[in-house]
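Structure first, then comments.
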Amino acid sequence: MAVRAAVGTVYLLELHTELHAGTYRLSPVKRVEILKRDGKTRPLGIPTVKDRIVQAALKLVIEPVFEVQFREGSYGFDPGQGRKDALREVDRLLKEGNTFVADADLKGYFDSLPHDRLMALVEGSISDRRVLTLIESFLRQDIMTETARWQPGQGFDFLGYRFEAGVRFVRAKSLKAIKDKVTARTIRSRRDSLRQIVADHNPMLRGWLGYFKHARPRLFRRLDGPVRRRLRAILRKQENRPSMGRSEADHRRWTDAIFAGQGLFTLQAARAAARHSR
């Protein structure tokens, strides 16, 4: 461990010297194609470890300068704002009666953005030539696709939610993701104790509810039921009794109260408790 720390210190000192002297040169970025959920791909540049360190250092230097210049509605790159702020703003706009959505994406943006004009604007806030040189070297591409307009009543997806007629739903992909996670944690061949399985399961459910608690209430009941059914199937399998845990006898033997006694986190009960505590 001490040897690794010493090597890392020397490595950083060399990097510091190169940056200070202006002799640091970026390495070629490895270009890979990342598969998206819809089956398409998008290009991704993977920098070297040294370049990642330089990027992080550069961000620490310029972020305080430009953060104060961000527009109030910027949620993607402002450290002071995040997903939940954006979702609250969408709720506010919908309640004000706004019904049109401009859905835009960035693709190869810097292909069309004039770098000289960009750097001229950056130089209005940054004067250190070494920093400006690094910024120029890190410029990458992205462009914006055509904007599309939704007709009234169609709704739209945003940050895991589906907004429809002023109501928040969980987006279909987000719903499938939680169901896949439940399935992975409750395979019938698990030999762990019920308490251990529940303990492994609960943090994932708590985190999911923490983000999607504003969805329609009946959704949570529909998710709680399959969780208990899968637990019953595990218990039957552990007794070498084939079944999927759907029978009335299974419900009588392993009641909801038994799972509650083992500490099973239920979405419906937790959401109701959260609402009453307001």
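Applying the set (1) open to solvent by 80 Å² or more (accessible area, probe 1.4 Å); (2) modelled with pLDDT under 85 to residue 179 leaves exactly one unmet item: (2). The condition of being of a type outside the set (Ser, Thr, Tyr), open to solvent by less than 50 Å² (accessible area, probe 1.4 Å) and at pLDDT below 85 holds for residue 78. The residue that is farthest from residue 161 (Cα to Cα), among those in the range 85-95 that are touching a residue at least 60 places away in the same chain (Cβ under 8 Å) and surrounded by 13 or more Cβ atoms within 10 Å (Cβ to Cβ), is 94. The residue that is farthest from residue 58 (Cα to Cα), counting only those in the range 20-33 that are over 33 Å from the mean Cα position of the chain (by Cα) and not in a loop (DSSP other than H, G, I, E, B), is 21.
Filtered by the rule that a residue be at pLDDT below 75 and more than 25 Å from residue 79 (Cβ to Cβ), the range 43-65 gives a lone residue, 43.
For the range 243-278, a residue qualifies if it is under 20 Å from residue 187 (Cα atoms), at pLDDT below 85, part of a helix (DSSP H, G or I) and open to solvent by less than 60 Å² (accessible area, probe 1.4 Å), and exactly one does: 250. Cβ separations smaller than 8 Å between residues 6+ apart or across chains give the following pairs from the range 105-130 residues that are under 21 Å from residue 22 (Cβ atoms) and surrounded by 10 or more Cβ atoms within 10 Å (Cβ to Cβ) to residues that are modelled with pLDDT of 80 or more and β-branched (Val, Ile, Thr): 119/135; 122/135; 125/65; 126/62; 126/65; 126/135. Among the residues of the range 211-235, the ones that are surrounded by 15 or more Cβ atoms within 10 Å (Cβ to Cβ), in contact (Cβ under 8 Å) with a residue 24 or more places away in the chain, part of a helix (DSSP H, G or I) and not acidic (Asp, Glu) come to 12 in all.
Would you tally the residues in the range 198-236 being among the charged types (D, E, K, R) and either in contact with a Phe, Trp or Tyr (Cβ under 8 Å, 6 or more places away or on another chain) or within 11 Å of residue 186 (Cβ to Cβ) (or both)?
So in the range 198-236, the residues among the charged types (D, E, K, R) come out as 200, 206, 213, 216, 218, 221-222, 224, 228-230, 232, 236.
Adding the requirement that they be either in contact with a Phe, Trp or Tyr (Cβ under 8 Å, 6 or more places away or on another chain) or within 11 Å of residue 186 (Cβ to Cβ) (or both) leaves 200, 206, 216, 228-230, 232.
Of the residues in the range 198-236, 7 are among the charged types (D, E, K, R) and either in contact with a Phe, Trp or Tyr (Cβ under 8 Å, 6 or more places away or on another chain) or within 11 Å of residue 186 (Cβ to Cβ) (or both).
Looking across the range 195-233, not a single residue is farther than 23 Å from residue 174 by Cβ and modelled with pLDDT under 85. Within the bounds of the range 138-158, is there any residue that is in a helix (DSSP H, G or I) and either surrounded by 11 or more Cβ atoms within 10 Å (Cβ to Cβ) or at pLDDT 70 or above (or both)? Within the range 138-158, one or more residues are in a helix (DSSP H, G or I) and either surrounded by 11 or more Cβ atoms within 10 Å (Cβ to Cβ) or at pLDDT 70 or above (or both).
Regarding the range 182-194, can at least one residue be identified that is out of contact with any strand residue (DSSP E or B) (no Cβ under 6 Å at 6 or more places or on another chain), open to solvent by 80 Å² or more (accessible area, probe 1.4 Å) and not in a helix (DSSP H, G or I)? Let's see the steps before the verdict.
Residues of the range 182-194 out of contact with any strand residue (DSSP E or B) (no Cβ under 6 Å at 6 or more places or on another chain): 182-194.
Now restrict to residues that are open to solvent by 80 Å² or more (accessible area, probe 1.4 Å): 191.
Right, trim to not in a helix (DSSP H, G or I) and you get 191.
Yes: one or more hits.
Which residue out of 133, 99 is over 25 Å from the mean Cα position of the chain (by Cα) and over 30 Å from residue 16 (Cα atoms)? Walk me through it before giving the result.
Details: 133 fails: over 30 Å from residue 16 (Cα atoms).
Just a single option satisfies the conditions, and that option is 99.
The values are calculated or read from the model by the stated rules, or taken from the named source; none is laboratory data. Model, not experiment: these values are computed from the prediction. Note that each Cβ is placed from the backbone with ideal geometry, even for glycine, and that neighbours are counted across all protein chains shown. These accessible areas exclude ligands, DNA and RNA; they are computed on the full protein's heavy atoms, side chains included. Shrake-Rupley method; radii C 1.70, N 1.55, O 1.52, S 1.80 Å.
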